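Participant: Quick one: structure below, then a few questions.
The values are calculated or read from the model by the stated rules, or taken from the named source; none is laboratory data. Everything numeric in this text was worked out from a predicted model, so none of it was measured. In this analysis, Cβ positions are derived from the backbone assuming ideal geometry, glycine residues included, and neighbour counts consider all displayed protein chains.
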């Protein structure tokens, strides 16, 4: 039994060792790749609206976060770590992106590993305020729930009762709501500073007070077009 526990702990330590150090910034090229990957995730989801985020959720979105290729691994003890970007709706369009981390763990008899794309959709002002915090826990600090799927999903009205953030996953082409309760979302201040070339507060960027960098314009435009389409056609 002790050998199993030791092996599990070493496995999890290996996962975290492969993740970037919490205070170490990525290169700007790496950050651009992350934004480009997030756009690809959105493009592929939006191409299949009948199996994507319901239109009445898209039109209410206040912020959208995309975490491409969340790394997950498990051997008795599970661990997950991912890096992504967030943009929020402002009075004059959608904001430039900021960089976030998602980390969490799970316990159970499981083995294997996979990479999963995640999408988080804030659906009210409370969800927007949550994304301005330096760190928050899904299901604890923030009311998060697995989001419904489908262009006009009947379940798409349930989130209005108690959700601030709707959570989705995409793995092997399958897009579905996912329970991320227990995971922690935190600001990646170092990466955001590298991408913008100077230190801006998350609040300043997400409120639209900083121009969208050229390299992020296609990502932001993709979300803006989806939002307008949902408002117009639903």
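Participant: If we keep just the residues of region 164-178 that are in a strand (DSSP E or B) and in contact with a helix residue (DSSP H, G or I) (Cβ under 7 Å, 6 or more places away or on another chain), which is surrounded by the fewest Cβ atoms within 10 Å (Cβ to Cβ)? First the steps, then the outcome.
Facilitator: So in region 164-178, the residues in a strand (DSSP E or B) come out as 165-171, 174-177.
Now drop any that are not in contact with a helix residue (DSSP H, G or I) (Cβ under 7 Å, 6 or more places away or on another chain), which leaves 165-166, 170, 175.
Working: 165: 27, 166: 25, 170: 19, 175: 21.
This residue is 170.
Participant: Could you list all residues from region 24-35 that are touching a residue at least 40 places away in the same chain (Cβ under 8 Å) and surrounded by fewer than 15 Cβ atoms within 10 Å (Cβ to Cβ)? Write out each step before concluding.
Facilitator: Let us first name the residues in region 24-35 that are touching a residue at least 40 places away in the same chain (Cβ under 8 Å), namely 24-28, 31-32, 34-35.
Result: 24, 27.
Participant: Still on this structure, I have one more. I'd like the full set of residues that are in a helix (DSSP H, G or I) and either at positive phi or touching a strand residue (DSSP E or B) at 6+ places or on another chain (Cβ under 6 Å) (or both), limited to region 191-213. Show your work before the answer.
Facilitator: Step one: list which residues in region 191-213 are in a helix (DSSP H, G or I), which gives 191-196, 202-206.
Result: 191, 192, 202, 205, 206.
Participant: Here is a list of conditions, (1) more than 15 Å from the chain's Cα centre (by Cα); (2) at pLDDT below 90, and residue 103 meets all of them except one; can you say which number that is?
Facilitator: Here residue 103 clears every test but (1).
Participant: If you don't mind, there's one more thing I want to ask. For residue 111, which of the numbered conditions (1) under 22 Å from residue 46 (Cβ atoms); (2) modelled with pLDDT under 80; (3) in a strand (DSSP E or B) fails to hold?
Facilitator: All conditions pass for residue 111, except number (1).
Participant: Can you run down the residue pairs with Cβ atoms below 7 Å, 6 or more apart or on separate chains, where the first is in region 47-70 and within 17 Å of residue 186 (Cα to Cα) and the partner is part of a loop (DSSP other than H, G, I, E, B)?
Facilitator: 63/131
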